[in-house]
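A.B. asks: Starting off with a structure, shown below.
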Amino acid sequence: MNLTLKSIISKNLSKKQIRQICNLKNKQWKYGIKSQIIWFKKNVKHNDIHNLFFIGSQLIGYTLLRKRKYNFGDNKSYTYLLFDTLVLEKKYREKKLSTLMMIFNNIVIKNSGYFAFLVCRKSLIKFYEKHNWLKLKKQNFLLKDHSFKTNGMILSEK
């Protein structure tokens, strides 16, 4: 099995890679390829980070790390990475490949020098905790541009 992990910023993605990403995402969230492409063009910024996981030339896994801003108590604006998407082709699940993806994601995040945050359903908390993410108390954060009833987590400094 020829496994390859690549980290590419949006502006360096080829049209073929964007199409592969949208096709893979559509297998998980069935909104249609056209809808996936529209979402990608509308929401992904030029410097966002795309972690691509290939077996041979087939894209089987994908993570989107979106560079975003947050304000702290001093009202200064800081950059962070929003861990937005994690998808692995269904037939490759339960083979420890998601662990490989998360190790790679965490390395990319730590090498970026930015703090990382994600939101997830309760059912995914144990998965992310297993990969050094810490659950936050809901009263400890507020997303001004997004309301949700899910859980917030940050990557541990370990």
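A.B. asks: Which residues, taken from segment 1-51, are of a type in the set (Val, Ile, Thr) and over 25 Å from Lys110 (Cα atoms)?
C.D. replies: Ile33, Ile37, Ile38 - these are the residues of segment 1-51 that are of a type in the set (Val, Ile, Thr) and over 25 Å from Lys110 (Cα atoms).
A.B. asks: Here is a further query. Could you run through segment 9-19 and say how many residues are farther than 14 Å from Gly61 by Cβ and part of a helix (DSSP H, G or I)?
C.D. replies: Summing the residues that are farther than 14 Å from Gly61 by Cβ and part of a helix (DSSP H, G or I) in segment 9-19 gives 7.
A.B. asks: Another question, then. Closer than 18 Å to Phe104 by Cα, out of contact with any Pro (no Cβ under 7 Å at 6 or more places or on another chain), in contact (Cβ under 8 Å) with a residue 60 or more places away in the chain and crowded, with 16+ Cβ neighbours inside 10 Å: does that describe Thr85?
C.D. replies: Answer is yes for this residue.
To keep it simple, each residue is scored yes or no on (1) part of a helix (DSSP H, G or I); (2) surrounded by fewer than 20 Cβ atoms within 10 Å (Cβ to Cβ); (3) at positive phi.
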{"position": "Thr63", "(1), (2), (3)": "no, no, no"}
{"position": "Lys67", "(1), (2), (3)": "no, yes, no"}
{"position": "Thr99", "(1), (2), (3)": "yes, yes, no"}
{"position": "Phe104", "(1), (2), (3)": "yes, yes, no"}
{"position": "Asn111", "(1), (2), (3)": "yes, yes, no"}
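For every residue, the table says whether it meets (1) modelled with pLDDT under 95; (2) of a type in the set (A, V, I, L, M); (3) over 26 Å from Thr150 (Cα atoms); (4) out of contact with any strand residue (DSSP E or B) (no Cβ under 9 Å at 6 or more places or on another chain).
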| residue | (1), (2), (3), (4) |
| --- | --- |
| Ile9 | no, yes, yes, no |
| Arg19 | no, no, yes, yes |
| Leu64 | no, yes, no, no |
| Phe72 | yes, no, no, no |
| Arg93 | yes, no, no, yes |
| Val108 | no, yes, no, no |
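A.B. asks: Could you please tell me which pairs satisfy a Cβ distance under 9 Å, a separation of 6+ or placement on different chains, a first residue in segment 24-48 that is at positive phi, and a second residue that is among the polar types (S, T, N, Q) and assigned to a helix (DSSP H, G or I)?
C.D. replies: Cβ pairs passing all conditions: Gly32/Asn26.
A.B. asks: Would you pick out the residues in segment 20-51 that are open to solvent by less than 40 Å² (accessible area, probe 1.4 Å) and part of a loop (DSSP other than H, G, I, E, B)?
C.D. replies: Gly32, Val44, Asp48 - these are the residues of segment 20-51 that are open to solvent by less than 40 Å² (accessible area, probe 1.4 Å) and part of a loop (DSSP other than H, G, I, E, B).
A.B. asks: What are the residue pairs meeting all of these: first residue in segment 130-158, first residue modelled with pLDDT under 70, second residue part of a loop (DSSP other than H, G, I, E, B), Cβ atoms under 6 Å, and 6 or more apart or on different chains?
C.D. replies: Lys158/Asn132
A.B. asks: Which one of these does Tyr128 not meet: (1) open to solvent by 40 Å² or more (accessible area, probe 1.4 Å); (2) in a helix (DSSP H, G or I); (3) among the aromatic types (Phe, Trp, Tyr)?
C.D. replies: (1)
The values are calculated or read from the model by the stated rules, or taken from the named source; none is laboratory data. This structure is a prediction, so every number in the text was calculated from the model and none was measured. For neighbour counting, all protein chains shown are included, and Cβ atoms are generated from backbone atoms with ideal geometry for every residue, glycine included. All accessible areas refer to the heavy atoms of the entire protein, side chains included, with ligands and DNA or RNA removed. Shrake-Rupley method; radii C 1.70, N 1.55, O 1.52, S 1.80 Å.
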